[in-house]
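The values are calculated or read from the model by the stated rules, or taken from the named source; none is laboratory data. Quantities reported herein were computed from a predicted structural model and do not represent experimental measurements. Because the Cβ atoms are built from the backbone with ideal geometry, glycine has one as well, and the counts that use them run over all protein chains shown.
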């Protein structure tokens, strides 16, 4: 006598879909939990808490690294890390701290804004193998200096450029200890300004400060050296 199953093929066919559905539901639940955990961990928090900018930004100009004080940057678009063609900065003198409320300028109008009397302005730009400041001082400036005029002020030599030259109405000022070389416009309707240039590897640094500060030129020369030293020191 043959044994027969109590379950018909039709009954097995009805139960088969339910037997596969349970594992799928379990796997779906586990997956939903995993997605929820990942979403929680990766959910952006900038709407809850604003993170302040770092005090210094590593910036590469002409493949030369500078750690630039964030608050000293004058142009908003330049306030970022990585390679840049140029960065414009300003520092309060004599503290050399970044100003609390920098004047708003754009990259196009940065040269048009007259500096405040208490600021040292600094532009750092890639030089692309242009004539260096030292070479310009040795080979270009002497061609235009007035050879019959000059003065000495507290150890600082002051030589005027001739009229009808590219540097008319300017003076070349220089000293060796401490070292300073600058071109200064003469006081007129607006106060005179001085421009001092340095080259560091692939970048040229151009400092601007009021001519009136030549009365304390040793302090100014030391301030420029200190600004460079701070930006070239690796971040701690």
Looking only at region 135-149, which residues are modelled with pLDDT of 95 or more and in contact with a strand residue (DSSP E or B) (Cβ under 7 Å, 6 or more places away or on another chain)? 137, 141, 144, 145, 146
Of the conditions (1) exposed (fewer than 12 other Cβ atoms within 10 Å of the Cβ); (2) in contact (Cβ under 8 Å) with a residue 24 or more places away in the chain, the single one that residue 133 does not satisfy is (1)
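Listed here are the residues, each with its yes/no results for (1) surrounded by fewer than 16 Cβ atoms within 10 Å (Cβ to Cβ); (2) under 30 Å from residue 64 (Cβ atoms).
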site	(1), (2)
138	yes, yes
141	no, yes
156	no, yes
162	yes, no
172	no, yes
177	yes, yes
184	no, yes
200	no, yes
Which ones in region 78-117 are closer than 15 Å to residue 207 by Cα, modelled with pLDDT of 95 or more and either touching a strand residue (DSSP E or B) at 6+ places or on another chain (Cβ under 6 Å) or assigned to a strand (DSSP E or B) (or both)? 86, 87, 88, 89, 90, 91, 92, 93
Looking at region 216-232, can you tell me whether even one residue there is more than 21 Å from residue 97 (Cβ to Cβ), out of contact with any helix residue (DSSP H, G or I) (no Cβ under 8 Å at 6 or more places or on another chain) and surrounded by fewer than 17 Cβ atoms within 10 Å (Cβ to Cβ)? no
